[in-house]
1. Quick check on the chain: helices-only [θ] at 222 nm, where DSSP H runs of length 4 and up contribute -39,500 (n - 2.57) each and the sum goes over total residues. Nearest 500, please.
2. Once you keep just the Cα pairs under 8 angstrom separated by 6 or more residues, what percentage relative contact order results for the chain?
3. Cross-link partners among aspartates and glutamates for Lys84, C-alpha distance below 17 Å, same-chain residues fewer than 8 apart left out?
4. Can you list residues from other chains, or at least 5 along the same chain, whose modelled amide H is less than 5 Å from the amide H of Ala57?
5. Using the alpha-carbon atoms, what tilt in degrees (0 to 90, nearest 10) does helix 133-165 show relative to the longest principal axis of the chain?
6. Please compute, over every Cα-Cα pair in the chain, the percentage with a separation greater than 23 angstrom.
7. So for the pair Ser88, Lys36, with labels modelled 7 Å out along Cα→Cβ, what separation do we get in nm?
8. I'd like the orientation of helix 59-80 relative to the chain: the angle between its Cα long axis and the longest Cα principal axis, in ° from 0 to 90, rounded to 10.
Amino acid sequence: MRSLLTGAVALAVLFAVGCGREALNFNNTIHNHNKKLNDAGKKFGEAIDPALKDKEADPTKVEEAYKGVLATVTTLIKDTTGQKGPESASGKKLAEGYQKFLQTEKQIIETEFDKIAKALTKKEDLKATEGTLKEQIKTLLRKANEKEAHALTDLRESQKEFAKEHNLTLKPVTP
């Protein structure tokens, strides 16, 4: 199962083809922010991985990773609120789309990830669905992945429009 939040970093980096640096810098800032979010998401995935293999997850690592991913997305939202791209319709749409994406990520972290973290740190029983702890965690991760996939699709479309309007070339980045 792919780690949640890894798709965030897969947004393309843009390369200039006769455009202003402002557009290039704006997109690459988003890319760099997504790398931070991706890294924090991977740590959370690594912390909960033993539970997905019917083993005991280290509660301290789970709690630290959960707090880390939540702090990361909260900081990114704060840092990018009011951030504007180049003066263009697609720049405005990409900036707004990125805020929407980050809000979706925060909602995933505060709901699905929170339930998983509380269950693995023994703060609450997990009652997401019927089944074993492992099955319930997988159900929550599937829900989270579905929400993230939808948000990423919207964000990528905004990025494509932005690239086209600003004469930029998209280059995929592998996580």
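1. On the way: 6 runs with 118 residues, N = 175.
Calculated at 222 nm, the ellipticity per residue is -23000 deg cm²/dmol.
2. 36 percent
3. Glu22, Glu96, Glu161, Glu165
4. When sequence neighbours closer than 5 places are left aside, the close amide H contacts are Ala51.
5. Here the helix axis deviates by roughly 0 degrees.
6. The calculated P(r) of the chain puts 41 percent of pairs beyond 23 Å.
7. Placing both labels 7 Å along Cα→Cβ, they lie 2.5 nm apart.
8. Approximately 20 degrees, to the nearest ten.
We did not get these values from a lab; they are worked out from the coordinates using the rules stated. As the structure is a computational prediction, the values presented were derived from the model and not from experiment. With ideal geometry, Cβ positions are generated from the backbone for all residues, glycine too; neighbour counts draw on all protein chains shown.
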